[in-house]
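Just so it is clear, none of the values below were taken in a lab; they were calculated from the coordinates. If you're wondering where the values come from, they're calculated on a predicted model, not measured in any experiment. Neighbour counts are summed over all protein chains in view; Cβ atoms, including those assigned to glycine, are modelled from backbone coordinates with ideal geometry.
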Amino acid sequence: MNDSRMCKLLSAKEFGFGICPFVTISPEITETELEAQIKALTELAELSDIPIDGMVVRFDELSYSQSLGRTGHHYNDGIAYKFEDDMYETIFRSIEWQTGRTGEIAPVAIFDTVEIDGCEVSRASLHNLSFIKNLELHPGCRILVSKRNMIIPHVEENLDRGKYQDMIPRTCPCCNQETRIYSRTVEKDRIVETLHCDKPECPDRILQQFVHFTEKKAMNIKGISEATLARLIELGYLKTFHDLYHLDRYREEIIALDGFGVKSYEKMQAAINESRNTTFSRYLVAMDIPMIGRTASRELERHFNGSLREFELAAMDRFDFTCLQGFGETMHDNIHEWFHDSDHILLWRTLQKEFNFEERKEDNTMTENKNNPFAGCTIVATGKLEHFTRDGINSKIISLGATAGSSVTKKTDYLICGEKAGSKLAKAQELGITILTEQQFMDMISA
Ligand SMILES: [Zn+2]
């Protein structure tokens, strides 16, 4: 490689572009040497935890590359070499439709069981209606299934295209409400169609809203299962989130239920009451404003000093949320839209009365802020840590006056890296972000 090329690579990297690991080979390379290079790159990917499904061989000379021209589909200056053994052929059987808490009905492919990396797989998300149409799926067709990033089953290809069959249900699988198809435009003017149940009282929607509300990252009500929630909703004891905190009205009825009893009732009540001691960010996650999850809620808690009232005023006014770390236009719009719905405001204000909000420990934060090098930085943690849970490390980061990021970007200052770190480590290396071991991080705090 000559110097000018090296220069270009460095500047691309400096601009924040990721450079994929590569090796330089000569056109006279022998087959054995080529195989050895492919093996070396594959091993490098495995060592760096970069998910890999193939590689590309390309001429390292721009003018020569351009002289080779292109087809309608690809440029002629390189070839893609895709590993075959990641794909598994099976037979697609049907689609299961699941109504979620927003009313979007998610399609799941059901296919004949295949074993991938020692796991039996027979289902995979089909994402949306456009994805199904693009794959031209029909019952009985042969499909190729992989495990994306070695975790998530994914339908990659249909080997029997040309016989697409409309399998879209006309009514909600849960409540029979007529379904509606929504279209939205995503990047490159691509249109994505999704299926929806628009009935706010749809039992599956309500159940999933309660599941979200009680989840660990939201109100963290331990020991109330989805099945119990479903039962209490069906009996009409749970209609709104308030009802969860007044189940004592149905004490006798619940105790008399099959499989319940005084003990399970009291255990459930204890768990619910425990959740009354909560925080700004848990409460905000529980409200389920689209795209406002745990990281965003923590950033809002930090910015508004843990004051729900201050945040509410900002949201009702024209506060510019894009000035906060990690907030884009859509999140900004989502917050303002949510607070423009009077039902939401009523819920937001009245439900607060059920909770004791932990005071933010400002004084402690201040003293920690003074003596640590991380104040004002954005820190991401990845991999398995020895001294912290994922929640624990994020709370620690916040207590240092820093921001806990969920993904590695150009704005990330530090990556704290534990065992079995994956793609975040690779990304941080690409972007030249300072990488700390857990021990280095702890040493720097206590120094
Ligand atoms: Zn429905």
Checklist outcome for this item: For Ile152 and Arg276, extending 7 Å from Cα along the Cα-Cβ vector and measuring point to point gives, in nm, a value of 4.0
Checklist outcome for this item: In degrees, nearest 10, the alpha-carbon axis of helix 329-338 is tilted away from the dominant principal axis of the alpha carbons of the chain by 20
Checklist entry - Under a 5 Å amide H to amide H cut-off, with H placed in plane at 1.01 Å, what residues pair with Thr434 once short-range neighbours are removed? => result Leu415
Next on the checklist: Shape verdict for the stretch 243-298, please, from the Cα gyration tensor: rounded (a/c under 1.5), prolate (a/b greater than b/c) or oblate.
Outcome noted: prolate
Checklist entry - How much length is gained on full extension from Asn76 to Thr102, taking 0.36 nm per residue of separation minus their Cα-Cα distance? => result 4.8 nm
Checklist outcome for this item: Normalised Cα Rg of the stretch 363-446, dividing by 2.2 N^0.38 Å with N its residue count, works out at 1.01
Checklist entry - Taking all pairs of different Cα atoms in the stretch 210-285, averaging 1/r and flipping that mean, what Kirkwood radius in angstroms comes out? => result 12.7
Next on the checklist: Is there a quick way to get the dipole size of the chain? I mean about its Cα centre, with the Cβ of Lys and Arg at +1 and of Asp and Glu at -1; what is the value in debye to the nearest 20?
Outcome noted: 900
Checklist entry - For the chain, what is the mean residue ellipticity at 222 nm derived from helices alone (per DSSP H run of n ≥ 4: -39500 (n - 2.57); sum divided by total residues; nearest 500 deg cm²/dmol)? => result -11000 deg cm²/dmol
Next on the checklist: Rounded, prolate or oblate for the chain? Axes are the square roots of the Cα gyration tensor eigenvalues, ordered a ≥ b ≥ c, and the cut-off for rounded is a/c under 1.5.
Outcome noted: oblate
Next on the checklist: Can you compute the charge dipole magnitude of the stretch 219-324 about its Cα centre, using +1 on each Lys and Arg Cβ and -1 on each Asp and Glu Cβ, nothing else charged? Give it in debye, rounded to the nearest 20.
Outcome noted: 240
Checklist entry - Using 7 Å Cα-to-Cβ label points, what is the Leu347/Asn176 separation (nm, one decimal)? => result 2.6
Next on the checklist: Take Ile29 and Val192, extend 7 Å from each Cα along the Cα→Cβ direction, and tell me the distance between the two endpoints in nm.
Outcome noted: 3.6
Checklist entry - What are the ³J(HN,Hα) values, in whole Hz, obtained from phi via the Karplus relation 6.51 cos²θ - 1.76 cosθ + 1.60 with θ = phi - 60°, for each residue of the stretch 282-299 in sequence order, with x given for Gly and Pro? => result 4, 4, 5, 4, 4, 5, 6, 6, x, 6, 9, x, 5, 5, 5, 5, 5, 5
Checklist outcome for this item: When the charge dipole of the chain is computed with +1 on Lys and Arg Cβ and -1 on Asp and Glu Cβ about the Cα centre, the Cα farthest towards its positive end, among Ala36, Ala428, Leu195, belongs to Leu195
Checklist outcome for this item: Residue separation between Thr437 and Glu201 times 0.36 nm, minus their alpha-carbon distance, gives in nm 80.1 nm
Checklist outcome for this item: Mean Cβ-within-10 Å packing, highest first, puts peptides 397-409, 223-235, 13-25 in the order 397-409, 223-235, 13-25
Checklist entry - If you take the charge dipole of the chain about its Cα centre, with +1 on Lys and Arg Cβ and -1 on Asp and Glu Cβ, which of Val114, Leu129, Tyr88 is farthest toward its positive end? => result Leu129
Checklist entry - For the chain, modelled as a Gaussian network with Cα springs under 10 Å, which listed residue fluctuates most, Ile79, Ile221, Ile143? => result Ile79
Checklist entry - Taking a threshold of 30 Å on the Cα-Cα distance, which of the pairs Lys199/Lys396; Lys222/Lys427; Lys13/Lys188; Lys217/Lys410; Lys39/Lys424 fall above it? => result Lys199/Lys396; Lys222/Lys427
Checklist entry - So what J values fall out for the stretch 206-212 if you push phi through Karplus, 6.51 cos²θ - 1.76 cosθ + 1.60 with θ = phi - 60°, rounded to Hz, Gly and Pro as x? => result 4, 4, 5, 5, 5, 4, 4
Checklist outcome for this item: Given the candidates Pro290, Ala271, Phe339, the one whose Cα lies deepest towards the positive end of the charge dipole of the chain, counting +1 at each Lys or Arg C-beta and -1 at each Asp or Glu C-beta, is Phe339
Item to check | FRET efficiency, Ile255 to Ile116 (Cβ-Cβ, R0 35 Å, nearest 0.05) | outcome: 0.15
Next on the checklist: With only alpha-carbon atoms in the gyration tensor, what are the semi-axes of the equivalent ellipsoid for the stretch 88-196, in Å, largest first?
Outcome noted: 24, 16, 15
Item to check | Residue of Asp86, Asp341, Asp413 that the Gaussian network model of the chain assigns the largest fluctuation, springs spanning Cα pairs under 10 Å | outcome: Asp341
